[in-house]
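This report refers to the structure that appears directly beneath it.
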Amino acid sequence: MEKGNLPSDRTKLCHAGRDFSAQHPYVNPPVVRASTVLFENVARMMECEENRNKGIKDRPTYGLWGTPTHEAFYEALKALEGPKAAGAWAFSSGLAACTMPLLALLQAGDHLLVTDSLYWPTRDFCEHVLARFGVEVEFYPPRIGQEIEKRFKPNTKLVVMETVGSHTFELQDVPAIARVCKQHGIYTAIDNTWATPLYFKPLDYGVDVVMHAATKYIGGSSDLLMGVVICNQETWPKVFQMIGDTGQATTADDVYLAYRGLHTMAARMKCAESSATQILQWLKKRPEVQSILWPADPDSPDYALWKRDYKGAAPLFGVLFKEAYAGKLTPMIDALQLFGRGYSWGGFESLLIPSYGKRTEGDRPFDRMIRISVGLEDPNDLIQDLCQAFGALSI
Ligand SMILES: *Cc1c(COP(=O)(O)O)cnc(C)c1O
């Protein structure tokens, strides 16, 4: 079977990046800890250096450029993102993966359009760092669709999107936005952490750069901080240049954990998604709850879009309580025994936290919203925990 042309994502998750050979006849890649790489002679050393600059695959010249462990992970990521994936890289955190491509693609005098729902710290990077270096930052409502064209200026260079809005869970019409951006020669980047490449492949729709917090579903075990970027042919040389210019490296140990996480990602997500559906049904019957924020919920305003573009829904959603509960959710959250109170998501354990965020286009009722990350526990136990905690709610 041709590598890179494997039959389905589930099979890719198990096989992509693995390189069986007589030198390494093991199921898993070696964890190669390295700063220094040795060469037979100077000529070979120079050849490897030249090949890296030309983008030709050869022995890395230094630990910064990765190891066979990194190579396995990058091959798997590219296979998952589809035929347009030209390059992949791992960063020390999801946030680093979300910010570095912006630094690579923008320069002073450029206009940047960012979804108003963007992960808060990435948004802060735009306002604090990019603005300081002369980039004009403008936020647009996430459900803008092709109307984004009206916001374009002669100096618009990049549009940043996100599936789904952080804490607010709006879905964006990525195909429409990517299409009008292409027409105007504007780059597009997307934080695709929620959907993962299993449920949505932005490069297939003409998006240039995909970012994921591998900390979430890829790692899947709450023991790893990592981000990944996958670029198309057009943007990869620029992003790769910035990687070298800023020295973005991750350890082989961490990359090994992320690569291992990929093998079980489909199974973990499917299992938790089925539990999430059960928990949502319970929540929707509760008199305290006003609505569920999850594009796969048939009552969601994004349901039609989700049906059209997505293969599944990640088990992370929001719950909006009725107005009477504004500012009164803390006793319920503190009463939880099984759900963890903690940041991040996508791990094997379920988490529940109060929602928060920052918006330009008007505040969201964060004081009566929570976010739930469903893990791999028995959903009946989770519902029982919610049931007893809801007993602590009073108005
Ligand atoms: C968590 C998260 C990140 C950042 O990942 P870290 O590894 O925690 O830095 C980026 N984007 C989204 C949507 C996230 O939820």
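The values are calculated or read from the model by the stated rules, or taken from the named source; none is laboratory data. From a predicted model like this one, the values you see are computed outputs, not experimental measurements. Backbone-built Cβ (ideal geometry, glycine too); neighbour counts: all protein chains shown.
For beta carbons closer than 6 Å, sequence separation of 6+ or different chains, a first residue in the stretch 318-343 that is within 16 Å of the ligand (Cβ to nearest atom) and a second that is basic (Lys, Arg), the qualifying pairs are GLY318/ARG371.
The residue that is farthest from GLN146 (Cα to Cα), among those in the stretch 157-209 that are more than 16 Å from the ligand (Cβ to nearest atom) and in a loop (DSSP other than H, G, I, E, B), is LYS201. So, ILE177, is that one surrounded by fewer than 24 Cβ atoms within 10 Å (Cβ to Cβ), modelled with pLDDT of 95 or more, more than 23 Å from PRO7 (Cα to Cα) and touching a strand residue (DSSP E or B) at 6+ places or on another chain (Cβ under 8 Å) or not? Here the answer is no, as ILE177 does not meet what is asked.
GLY55 meets all of the listed conditions (1) modelled with pLDDT of 95 or more; (2) touching a strand residue (DSSP E or B) at 6+ places or on another chain (Cβ under 9 Å) but one, namely (1).
Residues checked against (1) charged (D, E, K, R); (2) touching a strand residue (DSSP E or B) at 6+ places or on another chain (Cβ under 6 Å):
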{"site": "GLU288", "(1), (2)": "yes, yes"}
{"site": "TYR325", "(1), (2)": "no, no"}
{"site": "THR330", "(1), (2)": "no, no"}
{"site": "ALA335", "(1), (2)": "no, no"}
{"site": "TYR356", "(1), (2)": "no, no"}
{"site": "THR360", "(1), (2)": "no, yes"}
{"site": "MET369", "(1), (2)": "no, yes"}
{"site": "PHE390", "(1), (2)": "no, no"}
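When the stretch 43-74 is filtered for residues that are among the polar types (S, T, N, Q) and farther than 17 Å from PRO237 by Cβ, the ones remaining, listed by number, are THR61, THR67, THR69. Selection of the stretch 360-384 for residues being surrounded by fewer than 18 Cβ atoms within 10 Å (Cβ to Cβ) and among the charged types (D, E, K, R) yields GLU361, ASP363, ASP367, GLU377, ASP378, ASP381.
Test of understanding: among LEU118, LEU77, LEU112, LEU103, which residue is touching a residue at least 60 places away in the same chain (Cβ under 8 Å), closer than 21 Å to GLN241 by Cα and buried (at least 21 other Cβ atoms within 10 Å of the Cβ)?
Being touching a residue at least 60 places away in the same chain (Cβ under 8 Å), closer than 21 Å to GLN241 by Cα and buried (at least 21 other Cβ atoms within 10 Å of the Cβ) holds for just one of LEU118, LEU77, LEU112, LEU103, which is LEU77.
Looking at (1) of a type in the set (S, T, N, Q); (2) surrounded by fewer than 23 Cβ atoms within 10 Å (Cβ to Cβ); (3) in contact with a helix residue (DSSP H, G or I) (Cβ under 7 Å, 6 or more places away or on another chain); (4) within 24 Å of GLY227 (Cβ to Cβ), which is the only condition GLN172 fails? For GLN172, the failing item is (2).
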